[in-house]
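Asker: One structure, pasted below without further comment.
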Amino acid sequence: MPSQLDIVIPVYNEGDNIVGVLRGLSQNVKTPARVLICYDHPDDDTLPAVRANPDAHQGIPVEFVRNPSRGAHAAIMAGFAASTAPLVVVYPADDDFNPGIIDKMVEQARQGCDVVCASRFIPGGTMQGCPLLKATLVRGAAFTLHHIARLPAHDPTSGFRLFSRRVIENLQVESDQGFTYSIELLVKAHRLGWRIGEVPALWFERKHGTSRFRVLKWLPAYLRWYGYAFATTFLRRPPESVTRKPQTHGAG
């Protein structure tokens, strides 16, 4: 059966984590899916770990996507470019506790949502072990964007998110750092009036490897899209102001 979902996983030396993640996806995701492992360098220890454990992803084909540049953002963009399925989810390479919610995200997309957020801040979700500065900024942004800017999402900064093919093919990503593409696509979809859904998700500080999330380095980029959301609500910026990709045949 053709893949209905591409699972994009950006990696950087995730050899200690990736086998458990793939096993969790294989055991929990019932939607016909394909995994795209997006890496920077051929000596990344994620690659041999995947190749040495084919039993970990039985039923879900895995393909490797070489990042032509460097960093998490470029890796995810390479995954988007390689994706062909109607739905695309960006999944953390160290997350072996949320594979069970992916089918729920798919169900919301099938009901008409163009963006589905994995939310730590709705009933059933949690965020534990997060460094104080990061937790303060993340929770503050989430509260103000939802309650003041009226963004219909409780966890706008999370990079764990599902997008429809319409989002991938139509919306131009202007961000070029880290995981800021995620809030960018969310606030652009909101300005266009496209439907946004949420499912509760768990988040725990990683046990192995080093996170590529850089709070202070990426803060200015996040603030750009934070302001974008407020401009949608209070300055009534119209849908026509959303930067789109040049239209090609089949883009909706």
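Asker: Mind checking the full-extension length gain between PHE204 and LEU133? Use 0.36 nm per residue of separation minus the Cα-Cα distance, one decimal, nm.
Answerer: Roughly 24.0 nm would be gained on extension.
Asker: Can you list the lysines whose alpha carbon is less than 24 Å from that of LYS30, not counting same-chain residues fewer than 8 positions off?
Answerer: LYS104
Asker: Also: So what is the relative contact order for the chain, in percent, with contacts set as C-alpha pairs under 8 Å and at least six apart?
Answerer: Across the chain, relative contact order equals 21 percent.
Asker: Pairing the Cα long axis of helix 72-82 with the longest principal axis of the chain, what angle in degrees results, from 0 to 90 and rounded to the nearest 10?
Answerer: Compared with the principal axis, the helix lies near 80 degrees.
Asker: A further question on this structure: Can you list residues from other chains, or at least 5 along the same chain, whose modelled amide H is less than 5 Å from the amide H of SER119?
Answerer: HN-HN under 5 Å from SER119: VAL199, ALA201.
Asker: Could you give each residue of the stretch 48-59 its phi-based ³J(HN,Hα) in whole Hz, using Karplus coefficients 6.51, -1.76, 1.60 with θ = phi - 60°, and x for Gly or Pro?
Answerer: Per-residue couplings from phi come out as x, 5, 5, 5, 7, 10, x, 5, 6, 10, 4, x Hz.
Asker: Rounding to the nearest 10 and keeping the result within 0 to 90°, find how far the Cα-based axis of helix 180-191 lies from the longest principal axis of the chain.
Answerer: Compared with the principal axis, the helix lies near 40 degrees.
Asker: Using helices alone, I'd like the mean residue ellipticity at 222 nm for the chain: each DSSP H run of four-plus residues gives -39500 (n - 2.57), total over residue count, nearest 500.
Answerer: Helices in the chain give a 222 nm mean residue ellipticity of -11000 deg cm²/dmol.
Asker: Scan (1) 32.0, 133; (2) 18.8, 67; (3) 17.2, 54 for the value of Rg and Dmax of the Cα atoms in Å calculated from this model and give just the label.
Answerer: Structure-derived value, by its label: (3).
Asker: Moving on to the next point. Order these by the 10 Å Cβ neighbour count, fewest first: SER241, SER119.
Answerer: SER241, SER119
Asker: For the pair ASP103/MET1, report the inter-label distance in nm, with labels modelled 7 Å from Cα in the Cβ direction.
Answerer: Placing both labels 7 Å beyond Cα along the Cβ direction yields 1.0 nm.
Asker: Set the Förster radius R0 to 45 Å, insert the Cβ-Cβ distance between ASP16 and PHE234 as r into 1/(1 + (r/R0)^6), and round the FRET efficiency to 0.05.
Answerer: Computed FRET efficiency for ASP16 and PHE234: 0.50.
Asker: For LEU185, LEU223, what's the fewest-to-most ordering of other Cβ within 10 Å of each Cβ?
Answerer: Final ranking by Cβ density, sparse to dense: LEU223, LEU185.
Asker: Let me ask something else about it. Need the full-extension length gain, THR144 to THR243, defined as separation in residues times 0.36 nm minus the C-alpha distance. One decimal, nm.
Answerer: 33.2 nm
Asker: When we measure straight from the Cα of LYS245, which lysines land under 24 angstrom away, once same-chain ones fewer than 8 places off are left out?
Answerer: LYS245 reaches LYS188.
Taken together, the values in this text are just the output of simple stated rules run on the coordinates, not laboratory data. Computed from a prediction, not measured in an experiment: that's the story for all the values here. Backbone-built Cβ (ideal geometry, glycine too); neighbour counts: all protein chains shown.
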